[in-house]
Amino acid sequence: MITRDDVLARLSELTGPDGRPLAQSAALSEVIVSGSKVYFSIAIDPSRSAEFEELRVRAEGLVRDLPGVESVIVTLTAEAPAGASGTARPQTAPERPVGPRAAAARTPAGVPGVRHIVAVASGKGGVGKSTVACNLALALARQGLKVGLLDADIYGPSVPKLLALTEKPEVIPGRRILRPLVAHGVKVMSIGFLVDEQAAMIWRGPMVMSAIQQMLREVEWGELDILVVDMPPGTGDAQLTMAQNAALAGAVIVSTPQDLALIDARRGVAMFRRVEVPILGIVENMSTFICPHCGGRSDIFGHGGARHEAGALGVPFLGEVPLTMALRESSDGGRPIVVSDPSGAETATFLDIAAQLMAALGNAPAERQPPRIVVE
Ligand code: ADP
């Protein structure tokens, strides 16, 4: 069983960016060992990233050679700008920067071959963000587009379950990148394929960001018209950094109709606006309940709240997805409604949302580079 100390002992063979042995260097993040998997990052001056790539590769190689290690993820992150201070913590490595300052220090870049990266986000969990992201990706694929789905919901990856994917992605020999799985013609990568949920739950912002960056850039996405990213719920630093770093063409916000959820949705809109990512629209999920027995309609969580909110915020309203038994069962049964009931009413809604999304993207430049931001 590999331990953190084994990893540190091996890393003392390398010299960190500050000239100290890497194991003792302030640039080394906490080392996370989860079973046979190891994760850590090295903080560097982003303008010298090419120079330190060799260090990253050597660190990865040395740790991978340790007995008991199956996979290693080492990433370079931007070092804390002068004056930025983290909260005091009882450990030697300094807090890596997260949030807008850190985001400003990194160089965002698109994913080669991927035309548009679109985030599906929500202000809080449980509103059906993953269900919408998954069905939206399938609806886009049905319109003949080349589509990828990246499940970046580190705190509760549900795409493996939604698409009944149980295999592990393979590493492409000699290239050290992962081959995505494919479901109903959509290329899929999920943090859930790579780590167990408990390990990811304890990650703080920088680890989350590293893992997401790796899933964006070290996966053979190939040529895609659109990569749909199922974001972690919420509007914290991890989400903000992701929004800034992933060169997003835009974001879709999912909300349920009731007031409380809409407050969170509003925060989501504000977050994307802060990093100048266009809001492509709001989707109201779990809108009117449609009874499977009598077809009667009841507005359990209210109705129309998201449409009204979209109007108030000046962003497009993309549609209402009803609360139905068929949607719940198909999602949880691993056959999303767009494939299990291709001519049903719910599917028609997702196809319509997909069409509106593509229309909105039609005007957006491909591989948009987010502007640098500085928040004082
Ligand atoms: P989130 O990603 O926001 O946490 P999920 O997509 O995992 O939410 O959905 C949470 C639960 O709600 C799942 O059990 C899912 O099947 C169910 N669900 C989501 N949207 C609907 C809907 N429109 N009708 C019925 N059940 C839904």
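Normalised per residue, the accessible area of the range 114-365 is 38 Å², obtained with a 1.4 Å probe and no contribution from ligands, DNA or RNA. Would you mind getting me the FRET efficiency between Y155 and H293? Use the beta-carbon distance for r and R0 = 30 Å, nearest 0.05. FRET efficiency, Y155 to H293: 0.25. Considering the range 1-44 at the alpha-carbon level, its Rg and Dmax are found to be 10.2, 31 Å. State the Cα centre-to-centre distance between the range 1-40 and the range 228-296 in whole Å. So the two Cα centres are separated by 37 Å. Magnitude of the charge dipole for the range 114-365, about its Cα centre and with charges confined to Cβ atoms of Lys, Arg (+1) and Asp, Glu (-1), is about 420 debye.
For R328 and K168, the FRET efficiency from 1/(1 + (r/R0)^6), where r spans their Cβ atoms and R0 equals 25 Å, is about 0.35. Counting only protein heavy atoms and a probe of 1.4 Å, the accessible surface of the range 4-77 is 47% carbon and sulfur. Our Cα-only numbers for the range 114-365 put the radius of gyration and Dmax at 17.0, 58 Å. Between beta-carbons, use under 12 Å as the cut-off and find the net charge around F350, counting Lys and Arg +1, Asp and Glu -1. Combined, the nearby Lys, Arg, Asp and Glu give -3. Per residue, the accessible area of the range 4-77 comes to 44 Å², computed with a 1.4 Å probe over protein heavy atoms only. Note on the range 238-366: Cα Rg divided by 2.2 N^0.38 Å, N the number of residues, gives 1.12.
Counting every pair of alpha carbons in the range 4-77, the share spaced more than 21 Å apart comes to 16 percent. For the range 114-365, the carbon plus sulfur part of the accessible surface works out to 54%, probe radius 1.4 Å. Rounded to 0.05, the FRET efficiency of the D45 and D352 pair, given R0 = 41 Å and the Cβ-Cβ distance, is 0.30. Secondary structure note: in the range 4-77, about 40% of the DSSP beta bridges are antiparallel.
The values are calculated or read from the model by the stated rules, or taken from the named source; none is laboratory data. Because the structure is predicted, anything quoted here is derived from the model rather than measured. When we count neighbours, we look across all protein chains shown, and the Cβ atoms used for this are built from the backbone with ideal geometry, even at glycine. In case anyone asks, the SASA skips ligands and DNA or RNA and just uses the protein heavy atoms, side chains included. Shrake-Rupley method; radii C 1.70, N 1.55, O 1.52, S 1.80 Å.
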